[in-house]
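A short reminder: the numbers here are calculations on the coordinates, not readings from a lab. Just so it is clear, the model here is predicted, and its values are computed rather than measured. A quick note on method: Cβ atoms are made from the backbone with ideal geometry, for glycine too, and the neighbour counts reach across all protein chains shown.
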Amino acid sequence: THFGYRDVPLDEKQTLVNDVFHSVAGRYDLMNDLMSGGMHRLWKDVMITTLNPPRDDTPFRLLDVAGGTGDISFRAAKASGAGFHSTVCDINTDMLEVGRQRAVERNLDDKVDFVEGNAESLQFDDRSFDAYTIAFGIRNVPRIDLALKEAYRVLKPGSRFLCLEFSSVDVPGLSKLYDLFSFKVIPEIGRVVTGDADSYQYLVESIRKFPKPYDFAEMMRDAGFARANWQVMSGGIVALHSGWRL
Ligand code: SAM
């Protein structure tokens with residue numbers, strides 16, 4: 001069955017998303033490498049460099065929403081000092097469970113916690129984090145405006161919001177190649193590795209549907225963020241958005 005998810009009501013969209021990540025959790029990290037040709041590592045490194053967590057023992061609390069198996073948090077933990085702590089918050093318990101195991105394997109289980117939660121209604125207190133990251137997660141959230149409001153609410157004044165997300169390729173040659181890759185190669189890799197091409201078809205569609213950087217920056221401003229801007233990487237395949245709660 002092929003689903004056109006544009007027509008799916010918001011609550012059902014979340015169910016669809018949950019099914020996708022339930023089915024791929026165990027192989028999620030492998031899939032990331034296969035589908036991005038390893039490039040997700042470089043993009044995530046840029047996010048961590050931009051986040052620039054303190055290297056000394058200054059306390060720094062990161063909230064890593066839609067943090068899945070913990071990639072962003074582990075990278076941030078490695079780049080930071082003794083005062084660092086991250087909370088990975090994700091709606092999917094299967095992804096979180098894989099993350100918890102990885103944290104133990106990496107000896108980072110004292111630095112990184114995994115909690116179940118929804119980006120649209122976070123369980124954390126107002127003004128409680130020094131930074132908020134969301135990587136390849138926000139396009140899965142049905143009501144992005146709510147997620148942005150919640151991000152603003154839980155950040156301390158003077159702290160930063162960073163969002164890494166697929167964007168739109170507008171380099172002529174690259175965009176043809178990218179279309180071919182998205183609509184043919186990605187669902188095929190998905191089918192071979194997880195037996196589930198539909199999930200990946202969904203992912204490709206969700207990327208196409210996500211707002212353009214200029215429009216996303218406007219949504220960030222609507223949620224209260226100042227200095228909303230972005231940088232594109234790899235010819236527009238991804239964009240890193242930044243904003244501040246002042
Ligand atoms: N940030 C990780 C990374 O970069 O490797 C994981 C990204 S993964 C593509 C997207 C994650 O978003 C999934 O783990 C999924 O469960 C999570 N997610 C989807 N909807 C969510 C929601 N409403 N609230 C929190 N997490 C959500």
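Calculated FRET efficiency, VAL8 to ASP109, Cβ-Cβ distance, R0 = 30 Å: about 0.25 to the nearest 0.05. A crude spin-label estimate for the pair ASP196 and ASN18, with each label 7 Å from Cα along the Cβ direction, gives 1.3 nm.
Other residues lying with their Cβ under 13 Å from the Cβ of ASP198 contribute a combined charge of -3, Lys and Arg counting +1, Asp and Glu -1. With Cα atoms defining each centre, region 145-170 and region 4-81 are spaced 14 Å apart in the structure. Over the Cα atoms of region 90-186, the radius of gyration divided by the Kirkwood radius equals 1.06; this is the Rg/Rh ratio.
Taken about its Cα centre, the chain carries a charge dipole of roughly 740 debye when the Cβ of each Lys and Arg holds +1 and the Cβ of each Asp and Glu holds -1. Here, region 24-73 is characterised by an Rg to Rh ratio of 1.04, where Rg is the alpha-carbon radius of gyration and Rh the Kirkwood radius. Calculated mean residue ellipticity at 222 nm for the chain: -13500 deg cm²/dmol, from DSSP H runs with n ≥ 4 weighted as -39500 (n - 2.57), summed, divided by the residue count and rounded to 500. Divide the volume of the convex hull around the Cα atoms of region 141-185 by the residue count and you get 112 Å³ per residue. In the distance distribution for the chain, Cα-Cα pairs more than 24 Å apart total 44 percent. Every pair of different Cα atoms in region 9-132 enters the Kirkwood calculation, which places the hydrodynamic radius at 15.1 Å.
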